[in-house]
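The structure appears below as structure tokens.
Here, each number is a calculation from the coordinates, and none is a lab measurement. As the structure is a computational prediction, the values presented were derived from the model and not from experiment. As a convention, Cβ positions derive from the backbone with ideal geometry for all residues, glycine included, and neighbour counts pool all protein chains shown.
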Amino acid sequence: MKRLLLLAIVAPTLVPPALVAQPSPKVADAVVPVVGSTRGQSNSNFKTELQLANSTDTDSRGWLIYRPGNLVRRFDLAPFTTLSFADVVGEMGGTGLGTLDILLDAGSLPTIVARAYDDQPTGTTGVTVPAIAVEDALTTNDVRMLIVPRDLIRYRFNIGARALTGGATLHIHVRTATGTTRNLRALELEEHEFLQQPGDTFAGIALHPDDSIEIKIAEGRCVVYATTVDNQTNDSAIQVLAR
């Protein structure tokens, strides 16, 4: 196919990716749909904070994998400890936008808190990005809907998708606010492929305020999301489609 109970702070093991053993080839346990360390429109300087907290009395160990690029970081959380990154993509040696896999090889999946934020001298604006357990990602025949902002002058609107193991085919159905079909198209994604595009590009048509975008997974498994960002303040919101 183509296309918290906080008892201690544990410092991350910041070893260059080339010097660490590769993680197991098993499927990731959870995915943060979009993370980044990049400058963008309106002088934005987007980063992603990440916190992992082990709420159990046994160790939680595994890997963070940033895609694209397959940058990896090991994590090893003792019972009831927390690990945090101010800029997880930058601290892993990456730039741009992508997704983050959390892959366990021992213990339970930690509590995951991710926040995408615009870092400015006067402070930050941002949004919590939910981590999606892989079993909760959309799969074949699942149908969900994104809503286009009511104001496309004030806000910019992007849509992203991350295919999981085996890739995915999406059927995209755009409707007006009154339910009339405006466009139909299919999108094929390779295994682990990530993309984020302006909403018009993803939808295949110039979007109108209050349009709806129905996403049907024709084949495979995929996480789909949309971001709405204020063009003046860079304040943001996110829609994440899951089961």
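Where does the charge balance sit around Thr165 when Lys and Arg score +1, Asp and Glu -1, over other residues with C-beta under 14 Å from its C-beta?
Working: positive: Lys26, Arg67, Arg162, Arg221; negative: Asp29, Asp101, Glu135, Glu190, Glu191, Glu193, Glu219.
With Lys, Arg at +1 and Asp, Glu at -1, the neighbours total -3.
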Order of Glu49, Glu190, Glu91 from fewest to most other C-beta atoms within 10 Å?
-> Glu190, Glu91, Glu49
Can you tell me the dipole magnitude for the range 17-134 around its Cα centre, using point charges on the Cβ only (Lys, Arg +1; Asp, Glu -1), in Debye to the nearest 20?
-> 260
Go through Leu207, Val72, Thr48 and say which Cα lies farthest out towards the positive end of the charge dipole of the chain; charges sit on Cβ, +1 for Lys and Arg, -1 for Asp and Glu.
-> Leu207
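Give me the net charge of Arg182's neighbourhood, meaning all other residues with Cβ under 15 Å from the Cβ of Arg182; Lys, Arg count +1, Asp, Glu -1. Kindly include the intermediate steps, with their values, before the conclusion.
Details: positive: Arg175, Arg185; negative: Asp200, Asp210, Asp211, Glu214.
Combined, the nearby Lys, Arg, Asp and Glu give -2.
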For the chain, what is the convex hull volume of its Cα atoms per residue in Å³?
-> 126
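Between Asp200 and Thr95, what length comes free when the chain is fully extended (0.36 nm per residue of separation minus the Cα-Cα distance, one decimal in nm)?
Working: separation 105, 0.36 × 105 = 37.80 nm, distance 2.46 nm.
Separation in residues times 0.36 nm, less the Cα-Cα distance, equals 35.3 nm.
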Taking every other residue with Cβ under 12 Å from the Cβ of Ala226 and scoring Lys and Arg +1, Asp and Glu -1, one gets +1
Can you find, among Val134, Ala168, Ala116, the residue farthest towards the positive end of the dipole of the chain? Put +1 on the C-beta of Lys and Arg, -1 on that of Asp and Glu.
-> Ala168
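Computed FRET efficiency, Cβ-Cβ of Asn70 and Glu190, R0 22 Å: what is it to the nearest 0.05?
On the way: r = 14 Å, r/R0 = 0.64.
The formula returns an efficiency of 0.95 here.
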PRE zone check, label point 7 Å out along Cα-to-Cβ of Thr58, amide N under 15 Å, scope the range 72-94, hits 77-80
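How large is the charge dipole for the chain, taken about the Cα centre, if only the Cβ atoms of Lys, Arg (+1) and Asp, Glu (-1) carry charge, to the nearest 20 debye? Let's see the in-between values first.
Numbers: 21 positive and 26 negative charges, 95 e Å.
Magnitude of the dipole: close to 460 debye.
Please report Ser42, Ser212, Ser236 as a ranked list, fewest other C-beta atoms within 10 angstrom at the top and most at the bottom. Before the final figure, lay out the partial values.
On the way: Ser42 12, Ser212 15, Ser236 21.
Placing the least packed residue first, the sequence is Ser42, Ser212, Ser236.
How long are the semi-axes of the ellipsoid equivalent to the range 18-159, from square roots of 5 times the Cα gyration tensor eigenvalues, in whole Å, largest first?
Numbers: eigenvalues 151, 75, 44 Å².
Listed largest to smallest, the semi-axes of the range 18-159 are 27, 19, 15 Å.
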Return the FRET efficiency for the residue pair Asp105, Glu135: r is the Cβ-Cβ distance, R0 is 25 Å, and the value is rounded to the nearest 0.05.
-> 0.90
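Let me know the charge dipole size of the range 137-241 about its Cα centre in debye, to the nearest 20, where only the beta-carbon of Lys, Arg (+1) and Asp, Glu (-1) is charged. Show your work: numbers first, answer last.
Numbers: 10 positive and 13 negative charges, 46 e Å.
Dipole about the Cα centre, nearest 20: 220 debye.
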Under the 7 Å Cα-to-Cβ spin-label approximation, Arg144 and Arg243 lie apart by a distance in nanometres of 1.2
Going fewest to most other Cβ atoms within 10 Å around each Cβ, Leu195, Leu146, Leu50 line up as Leu195, Leu146, Leu50
